[in-house]
Amino acid sequence: MYRKDDPALDALVKRSFERLAQTRELARIYEQWFLRKLPSGRTLGLSISPQLQSIFESLGQPTE
């Protein structure tokens with residue numbers, strides 16, 4: 001979350017997410033925290049939703 005009236009920060013956040021998506025880092029991060037065992041030893045087992053997958057793809061993440 002960040003201020004709505006900060007266009008420089010908004011642009012930085014958008015570019016960062018696009019870069020993470022293009023390198024598949026977004027998918028890796030999702031898998032690490034929602035599919036694999038957490039540092040606590042628990043596993044959430046939350047598969048990625050079609051909506052979130054669509055967002056990742058729109059940011060430039062290659063499809064599998």
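Worth pointing out:
- The condition of being in a loop (DSSP other than H, G, I, E, B), of a type in the set (Val, Ile, Thr) and surrounded by 10 or more Cβ atoms within 10 Å (Cβ to Cβ) holds for Ile48.
- Gln53 being touching a residue at least 40 places away in the same chain (Cβ under 8 Å) and surrounded by 13 or more Cβ atoms within 10 Å (Cβ to Cβ): no
- A residue that is loosely packed, with under 13 Cβ neighbours inside 10 Å and either of a type outside the set (Gly, Ala, Ser) or on the phi < 0 side of the Ramachandran plot (or both) can be found somewhere in the stretch 20-30.
- Evaluation of Leu59 against the conditions (1) surrounded by fewer than 10 Cβ atoms within 10 Å (Cβ to Cβ); (2) under 10 Å from the mean Cα position of the chain (by Cα) shows that the sole unmet condition is (1).
- Verdict on Ile48 being more than 24 Å from Ala11 (Cβ to Cβ), within 11 Å of the chain's Cα centre (by Cα) and hydrophobic (A, V, I, L, M, F, W, C): yes
FYI, it's all coordinate maths here, none of it is from the lab. Since this is a predicted model, take the numbers as computed values, not measurements. Every residue, glycine as well, gets a Cβ built from its backbone with ideal geometry; the counts of neighbours run over all protein chains shown.
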